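I have placed the structure first, in the form of structure tokens, so that the comments after it can refer back to it.
Coordinate-derived values only; no laboratory data. As the structure is a prediction and not an experimental result, all values here were calculated from the model. Because the Cβ atoms are built from the backbone with ideal geometry, glycine has one as well, and the counts that use them run over all protein chains shown.
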Amino acid sequence: MITAENLTKRFGGHTAFDDISFTAEPGRVTGFLGPNGAGKSTTMRMIMGLDRPTSGRTTVNGRPFTEHTDPLRQAGALLDAQAAHPGRTATDHLRLLAASNALPQRRVPEVMALTGITDVAQRRIGSFSLGMTQRLGIAATMLGDPQVLIFDEPVNGLDPEGVHWVRGFARARAAEGRTVFLSSHLMSEMAQTADHIIVLGKGRVLADAPIRYFLRAADEHVTRVRVSDPSVLTSLIAADGVTITRTAKDTLEVVGVPAHLVARAAALENLELHELTPISASLEEAYLALTGDATEYRSDQAAA
């Protein structure tokens, strides 16, 4: 388990985040989201004891990470896949990590097999593709067979096969009862990977909920309706807080009225419904709606 308790971090006169608290629990993938500059990477570094908070604290399995005498058995973290020395072979890199943490050398071939890099074990890391470098970093996180895994942008720059593999790996480890805590800017991928979402923005926690509740809260009851007489239906459901847009001759997009109430209104006037489609918010739409006011850097114009 990972906890952050009343965490604050200031850089000079700039407050990265102020008094944030959250928990990443075992048995699920917790997605960590937020605009650039929100403090996601800084928070992950604090969890691993690489940065100090201005106030508050983080714990891994009930204790600050730096107090554990067997750190790689407690948590594995991939914060920078390029940190491995390019002149070493994959095997030598993992053997060194194992030896420095008093881990059995038999774990090296085991984690290589787990992450699919056995065939490149004797190649120098500098010759690796980005995908292989990421797999090596993930192999290193598993050396101590830890109960906590932390990944900062693990799918950045990967091809579809690599993204699919990371997703399956994360979900499989959570299914084993481990705590998996990862950040990503790929909303579609996070929607398929995470069970729970924590969103940072403007120095605070904007959301902390199971992904299904996060999406439900963002859903404005948007319904696409094809009906025999759109004008009559419009008059029936028009009210304060309801937005009705005519998108085609016989089609309306209704915001603010649940689909079953739209159907009831049409039935009362014997209108023929040809389509009634609730449109749920995607994770990307929900995220953008939540963080729109929390983005520190934005263009004044939409891209052409």
Cα centroid separation, segment 14-88 to segment 222-289 (Å)
45 Å
Please build a GNM for the chain, connecting alpha carbons under 10 Å apart, and tell me which residue among Gly162, Gly177, Gly241 fluctuates the most.
Gly241
Stokes-Einstein translational diffusion, segment 80-160 - Kirkwood Rh over all Cα pairs, 1.306 mPa s, 10 °C, in µm²/s
125 µm²/s
Longest DSSP-loop-exposure-free segment, trypsin sites (Lys or Arg not before Pro), the chain, at most 11 other Cβ within 10 Å
107-248
Can you tell me the relative contact order of the chain? Whole percent, Cα pairs under 8 Å, sequence separation 6 or more.
20 percent
What helix-only [θ] at 222 nm does the chain give? Using -39500 (n - 2.57) per DSSP H run of at least 4, over all residues, to the nearest 500, the answer is -9500 deg cm²/dmol
Under the Kirkwood approximation applied to all pairs of distinct alpha-carbon atoms, what is the hydrodynamic radius of the chain in Å?
21.9 Å
Summing Lys, Arg as +1 and Asp, Glu as -1, what charge do residues with Cβ under 10 Å from the Cβ of Leu79 carry, Leu79 excluded?
-2
Sum of side-chain charges, Asp51 neighbourhood, beta-carbon under 14 Å (Lys, Arg +1; Asp, Glu -1):
+4
May I ask you to give the average projected area over all directions of the convex hull of the Cα atoms of segment 96-210, in nm² rounded to one decimal?
8.6 nm²
Report, please, the projected area of segment 22-64 averaged over directions, based on the convex hull of its C-alpha atoms, in nm².
3.5 nm²
Within the P(r) computed for segment 220-279, what percentage of the Cα pairs occupies the region above 15 Å?
36 percent
What is the spread of the Cα atoms of segment 1-143 along each of their three principal axes, largest first, in whole Å?
47, 29, 27
How many percent of the alpha carbon pairs in segment 75-125 exceed a separation of 15 Å?
48 percent
